[in-house]
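The structure under discussion appears below in the form of structure tokens.
The values are calculated or read from the model by the stated rules, or taken from the named source; none is laboratory data. In this text, all values refer to a predicted model and were calculated from it rather than measured experimentally. Cβ placement follows ideal geometry from the backbone for every residue including glycine, while neighbour counts extend to all protein chains displayed.
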Amino acid sequence: MSTLTQRSTGLVPPLSLGRALPPRARALRPAPVAAPPLKDPRVLAAWRDNINRTALARAGGTLSVVLYALTEPGGDPNTDLAAAQQYADAHRLLVVDRIVDTLARDDQASTDQPELRRGYARALHLLGDPASPVRGLVTISQTAVTRVGRLYEAQLNRYAALRVGLFLIRAETEI
């Protein structure tokens, strides 16, 4: 017998690899982690407005933006791009690029996850590249980014971290 075993008579032997642990008693189980509630659309709109003010102040003059449109198969992006152009003109934003994503039929993943869309991913790359002049994105509504509340909040976090703007023609409350 080893010295450690002789001294530690009250220790439980180590579990063998093939033995499963019994489940914990309910009272000893950790409480399930609840996801925080989704923010109210008005709170999201105010947060986005603050993000946009920061981006505009950081630009100091004219803010360079990308116009973005998301269309269904066979859809025409020109209406959304024209509305985005009018918004940019009215707010004195300099348009440096236009990006369009067309969803494939029954492609729910790309509808929900904006980073899976090639055009949106390209826009994010431009926004995050310090050598790029692009410091904002103009699109028709929140649904062009994503329809999923948590993913939209994550995108707002990304825009805030990059200190770039997300300009929506229709605010979050007008979806």
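Hey, among the residues in the range 77-107 that are surrounded by 12 or more Cβ atoms within 10 Å (Cβ to Cβ) and among the charged types (D, E, K, R), which one's modelled with the lowest pLDDT? The qualifying residue modelled with the lowest pLDDT is Asp107. Residues of the range 149-156 include none that is in contact (Cβ under 8 Å) with a residue 40 or more places away in the chain, among the hydrophobic types (A, V, I, L, M, F, W, C), crowded, with 16+ Cβ neighbours inside 10 Å and out of contact with any Phe, Trp or Tyr (no Cβ under 8 Å at 6 or more places or on another chain). Tell me which of these Ala104 doesn't satisfy, since it passes every other one: (1) in a loop (DSSP other than H, G, I, E, B); (2) in contact (Cβ under 8 Å) with a residue 60 or more places away in the chain. Looking at each condition in turn, Ala104 falls short on (2).
Here's the yes/no breakdown for (1) farther than 16 Å from Ser141 by Cβ; (2) of a type in the set (Asp, Glu); (3) touching a Cys at 6+ places or on another chain (Cβ under 9 Å):
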{"position": "Pro73", "(1), (2), (3)": "yes, no, no"}
{"position": "Pro77", "(1), (2), (3)": "no, no, no"}
{"position": "Asp107", "(1), (2), (3)": "yes, yes, no"}
{"position": "Asp129", "(1), (2), (3)": "yes, yes, no"}
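Among the residues in the range 108-126, are any of a type in the set (Asp, Glu), modelled with pLDDT of 95 or more and over 22 Å from Asp40 (Cβ atoms)? Among the residues of the range 108-126, not one is of a type in the set (Asp, Glu), modelled with pLDDT of 95 or more and over 22 Å from Asp40 (Cβ atoms), which makes the answer no.
For the range 49-68, taking the residues that are of a type in the set (Gly, Ala, Ser) and surrounded by 12 or more Cβ atoms within 10 Å (Cβ to Cβ), the one that is nearest to Arg98 (Cα to Cα) is identified as Ser64. Please go through the range 108-132 and give me each residue that is within 18 Å of Arg163 (Cα to Cα), surrounded by 13 or more Cβ atoms within 10 Å (Cβ to Cβ) and not hydrophobic (A, V, I, L, M, F, W, C), ordered by number. Result: Tyr120, Arg122, Gly128, Ser132.
Of the listed requirements (1) under 37 Å from the mean Cα position of the chain (by Cα); (2) at pLDDT below 70; (3) surrounded by 10 or more Cβ atoms within 10 Å (Cβ to Cβ), Ser8 misses just one: (1).
Being of a type in the set (Lys, Arg), touching a helix residue (DSSP H, G or I) at 6+ places or on another chain (Cβ under 7 Å), under 18 Å from Thr146 (Cα atoms) and not in a loop (DSSP other than H, G, I, E, B) is the requirement here; does Arg98 meet it? Explain how you work it out, then say what you get.
Working: of a type in the set (Lys, Arg): yes; touching a helix residue (DSSP H, G or I) at 6+ places or on another chain (Cβ under 7 Å): yes; under 18 Å from Thr146 (Cα atoms): no; not in a loop (DSSP other than H, G, I, E, B): yes.
No.
If I filter the range 60-84 down to residues being touching a strand residue (DSSP E or B) at 6+ places or on another chain (Cβ under 6 Å) and part of a helix (DSSP H, G or I), which single residue comes out as nearest to Tyr159 (Cα to Cα)?
Step one: filter the range 60-84 for residues touching a strand residue (DSSP E or B) at 6+ places or on another chain (Cβ under 6 Å), giving 62-71, 77, 80-81, 84.
In the following step, the residues that additionally are part of a helix (DSSP H, G or I) were identified as 80-81, 84.
Working: Asp80: 21, Leu81: 21, Ala84: 18 Å.
Result: Ala84.
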